[in-house]
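Chemist: Submitted below is the structure of interest, expressed as structure tokens.
Throughout, read-outs are computed from the coordinates displayed, never taken from laboratory work. Everything quoted here is computed from the prediction, not taken from an experiment. Ideal geometry is used to build each Cβ from the backbone, glycine not excepted, and the neighbour counts take in all protein chains shown.
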Amino acid sequence: MNEQIAQSFAQEWIAAWNSHDLARIMSHYSENIQFHSPYVIRLGMNEQGLISDKPTLEAYFKKALDVYEDLYFELHEILTGAGSLVLYYTSVNGRKAAEFMQLDETGKISLVKAHYNQ
């Protein structure tokens, strides 16, 4: 993944979240998603911290937007890899977050590993 594509993708992903527009957020994710996050557990979606289908991911994101009404992400850094990127940003409640995102052949996110500081 080149820097320009990563930069464009990251800026749009952050803007989508900051808009609180669920359809816009979901447009970044593949139908074949594997989404790992401790917030999946924290928000009571399941005990594994894993979501494996897009409708459940949408329900999870809706719940997160409802719970964190003042959600605002601030992007700090973009790290690029081969078909993947890591976004380092400030998340809800001022927590630092790093998300590893693997993109499929259409440029949609197919795998997420989300990490947060305590």
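Chemist: Say each of VAL67 and THR80 gets a label point 7 Å from the Cα, pointing the same way as Cα to Cβ; how far apart are those two points in nm?
Modeler: Modelled inter-label distance: 3.4 nm.
Chemist: Cross-chain or 8 or more residues apart, Cα under 18 Å: how many lysine pairs in region 3-116 fit that? Count them up, please.
Modeler: 5
Chemist: Mind telling me which of GLU58, GLU31, GLU47 comes out most flexible in a GNM of the chain, alpha-carbon contacts under 10 Å?
Modeler: Looking only at GLU58, GLU31, GLU47, the biggest GNM fluctuation is shown by GLU47.
Chemist: I want to verify a result. In a Gaussian network model of the chain, Cα cutoff 10 Å, which of these has the top mean-square fluctuation: TYR88, TYR29, TYR39?
Modeler: TYR39
Chemist: Which value at 222 nm does the chain reach when only helices count, each DSSP H run of 4 or more adding -39,500 (n - 2.57), with the total divided by all residues and rounded to the nearest 500 deg cm²/dmol?
Modeler: -10500 deg cm²/dmol
Chemist: In debye, nearest 20: dipole of the chain around its Cα centre with unit charges on the Cβ of K, R (+) and D, E (-)?
Modeler: 240
Chemist: Taking the Cα centre of region 35-74 as the origin, how large is its charge dipole in debye, to the nearest 20, when only Lys and Arg (+1) and Asp and Glu (-1) carry charge on their Cβ atoms? Could you put the intermediate results ahead of the total?
Modeler: On the way: 4 positive and 7 negative charges, 31 e Å.
It works out to roughly 160 debye.
Chemist: Lys/Arg Cβ at +1, Asp/Glu Cβ at -1, dipole of the chain taken about the Cα centre: which of SER27, TRP13, MET101 is farthest positive-ward?
Modeler: Final value for the positive-end residue is MET101.
Chemist: OK, next. Give me, ordered by chain and number, the residues 5 or more places off ILE33 or on other chains with an amide H under 5 Å from its own placed amide H.
Modeler: Here the answer is LYS54, since their amide H atoms fall under 5 Å of that of ILE33.
Chemist: Round to the nearest 0.05 the FRET efficiency obtained for TYR116 and ALA15 when R0 = 35 Å and r is the Cβ-Cβ distance.
Modeler: On the way: r = 21 Å, r/R0 = 0.60.
After rounding to 0.05, the efficiency reads 0.95.
Chemist: Round to the nearest 0.05 the FRET efficiency obtained for ALA23 and THR56 when R0 = 25 Å and r is the Cβ-Cβ distance.
Modeler: 0.95
Chemist: Over the C-alpha atoms of region 3-116, what are the Rg and the largest Cα-to-Cα span, Dmax, in Å?
Modeler: 13.0, 37
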